[in-house]
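What follows is a structure written as structure tokens; I'll ask about it next.
The values are calculated or read from the model by the stated rules, or taken from the named source; none is laboratory data. Please read all numbers here as calculations on a predicted model, not as lab measurements. Methodologically, a virtual Cβ is constructed for each residue, glycine included, from the backbone with ideal geometry; neighbour enumeration extends over all protein chains shown. In case anyone asks, the SASA skips ligands and DNA or RNA and just uses the protein heavy atoms, side chains included. Shrake-Rupley method; radii C 1.70, N 1.55, O 1.52, S 1.80 Å.
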Amino acid sequence: MRELFLKKGIWLSVLIGFVVFVLGIPFAEVKPPMAAGNFLTFYQRALQSKMSVFFIPVLASFPTGAVYVQEKSSGFLKLYSIRISRMEYIKKKLVQSYISGFLPFFWAGLLAFFACFLFLYPLERIGRIDGKEVWDCFFLLIRICAVGGILAELSGSFAALFQSYYMAYGLAFVCYYLLIILKERYLPELYAMYPVEWILCEENWGSDGSGIWIFFLAFTMAAVLLHGLLLYERIRELI
């Protein structure tokens, strides 16, 4: 895990993610004095902005999307395989991939939240903040992080399958936007496979909304399994 945090890519993703979230805040609509808790509304709109949606597949793939290609081309993979077993290596890379897609959005989201609080909260009237709005913001951020983790696993899968930097970084983005185009232009009822809906969670996901989390769990398990199988086959060929 330590080697993941030593990579510049993950910190660059945090920085870019923070900038993207901040730029998504509709500053033109900030007119003090505002009602109590309005900074949460601006924060939500920042996370839901088109810019944020656009950058999710880019930032999710960036830290470790092509790590298999890097380690194979440098010869590090053969050297590394002497120290640990094949299954240990695969487990480590699967965990690293998911975390590298999840954590940058979480940290960037937290930084953006504190920025909204520091700069917008002082412009509000004194009043009570609804706890439900805080939880809504938190769950929105977690959904973005979950999408990031899934995309990072898919990026790793494409790296192992095609052994190409371009495919590792590009195909996750292409698949993400292909689903958006299919939903918006051809299959408007297919909201379950609409990445924007995974973030906004506006459709019917059950009476208590738990359906979206079951969906994330199933999708994550499928992405991890695919990534693991592809890594296993590639390493078996190599070693």
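Give the relative contact order (percent, whole number) for region 120-239; include only Cα pairs under 8 Å separated by 6+ residues.
It rounds to 30 percent for region 120-239.
Take peptides 217-224, 202-209 and line them up by average Cβ neighbours within 10 Å, highest first, as a rough protection proxy.
Ranked by mean Cβ neighbours within 10 Å, highest first: 217-224, 202-209.
Let me ask another. Which pairs in the list Lys8/Lys91; Lys7/Lys91; Lys50/Lys92 are over 25 Å apart, alpha-carbon to alpha-carbon?
Correct reply: Lys50/Lys92.
Using the eigenvalues of the Cα gyration tensor, what equivalent ellipsoid semi-axes result for the chain when each is taken as the square root of five times the eigenvalue, whole Å, largest first?
Equivalent ellipsoid of the chain: 36, 20, 15 Å, largest first.
Please give every one of the aspartates and glutamates within straight-line cross-link reach of Lys183, meaning a C-alpha to C-alpha distance under 18 Å, and leave out same-chain neighbours fewer than 8 residues apart.
In chain and number order, the partners are Glu197, Glu202, Glu203.
Check which residues have an amide H placed less than 5 Å from Met34's amide H, if you skip close sequence neighbours.
Placed amide hydrogens put Glu124, Arg125 under 5 Å from Met34.
Can you tell me the FRET efficiency between Glu233 and Ser73 if r is taken as the Cβ-Cβ distance and R0 is 22 Å, rounded to the nearest 0.05?
Once the sixth-power term is evaluated, E becomes 0.80.
Please name which of Ser155, Leu77, Ser61 has its Cα lying farthest along the dipole of the chain towards the positive end, using unit charges on Cβ (Lys, Arg +1; Asp, Glu -1) and the Cα centre as origin.
Working it through, the farthest residue towards the positive pole turns out to be Leu77.
At 7 Å along the Cα-to-beta-carbon direction for both Leu200 and Val30, put a label point, then send me their distance in nm to one decimal.
Once both label points are built, they end up 2.5 nm from each other.
Quick check: at a probe of 1.4 Å, how many percent of the accessible area of region 1-128 sits on carbon and sulfur atoms?
Carbon with sulfur: 69 percent of the solvent-accessible area.
Shifting gears a bit: Quick one: accessible area per residue over the chain, 1.4 Å probe, rounded to a whole number of Å²?
53 Å²
Now, a different point. Please work out the Cα center distance from region 164-199 to region 111-150, rounded to the nearest Å.
Taking the Cα centre of each part, region 164-199 and region 111-150 sit 26 Å apart.
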